[in-house]
């Protein structure tokens with residue numbers, strides 16, 4: 001059986017990736033220490049339930065990215081991991097500025113979905129690189145699926161998992177970003 005990723009090491013790596021990415025792209029530093037917690041995966045009909053509006057008790061955008069061991073696993077939609085990026089809706093305008101886009105675009109839901117998906121994809125890719133740096137095989141990353149306020153069909157996930165890691169971040173002086181990640185058994189590099 002492949003080695004398991006240490007939960008504490010995973011939380012530390014994910015926190016570092018999110019903080020570094022926000023610092024570089026958004027010129028934003030954490031305004032409070034990130035809060036990590038282990039949560040139960042709520043499953044319905046073989047998919048992970050996600051509740052974006054419950055994260056902030058307010059409207060939110062979400063990007064869901066799945067990790068796969070190989071292209072074959074991607075074709076079979078058999079993920080080894082799931083990464084979820086939530087951002088509070090009223091913070092999206094700040095993301096537009098970070099990507100050099102006009103703030104008025106934040107009034108267009110399609111443009112908001114696009115920028116949240118772009119940042120979610122960047123974060124998921126950086127986390128994939130962090131997983132590889134921890135000695136695990138390089139994963140295949142699916143393009144982000146993006147939503148506003150709800151994810152009616154839920155997200156694919158490794159059905160053998162029961163727990164996920166959740167980290168709440170405060171930027172711009174308020175809690176506005178949550179990331180969740182769950183990872184199954186990833187082979188070591190070179191296997």
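Nothing in this text is a laboratory measurement; each read-out follows from the coordinates by a stated rule. Note that this is a predicted model, so its numbers are computed, not measured. Here the Cβ positions follow ideal geometry from the backbone for every residue, glycine too, while neighbour counts run over all protein chains shown.
State the label only: which of (1) 0.94; (2) 0.98; (3) 1.22 corresponds to Cα Rg over 2.2 N^0.38 Å computed from the shown model? Only one listed value fits the structure, namely (2). The mean sequence distance of close C-alpha pairs (under 8 Å, at least 6 residues apart), as a share of the length of the stretch 7-183, puts its relative contact order at 37 percent. Starting from the Cα gyration tensor of the stretch 90-172, take the square roots of the eigenvalues, sort them a ≥ b ≥ c, and report rounded, prolate or oblate (rounded when a/c is under 1.5, otherwise prolate if a/b is larger than b/c, else oblate). Here the stretch 90-172 falls in the prolate category. Between the stretch 136-171 and the stretch 62-120, what is the separation of their alpha carbon centroids in Å? After rounding, the separation between the Cα centres reads 11 Å. Within the stretch 140-161, what residues put their amide N at less than 19 Å from the label point 7 Å along the Cα-to-Cβ vector of residue 53? Those under the cut-off are 146-155.
In a GNM of the chain with a 10 Å cut-off on Cα contacts, which of 93, 166, 107 has the highest mean-square fluctuation? The residue with the greatest mean-square fluctuation here is 107. Grouping the Cα pair distances of the stretch 41-148 into 10 Å bins from zero gives a pair-distance distribution of 15, 39, 32, 14, 0 percent in increasing distance order.
Considering only 117, 154, 100, the mean-square fluctuation computed in a Gaussian network model of the chain, springs between alpha carbons under 10 angstrom, is largest for 100.
Structure remark: mean-square fluctuation, Gaussian network model of the chain, C-alpha springs under 10 Å; the largest value among 157, 136, 99 belongs to 99. Note on the chain: helix-only mean residue ellipticity at 222 nm, from DSSP H runs of 4+ residues weighted -39500 (n - 2.57) and normalised by residue number, equals -10000 deg cm²/dmol.
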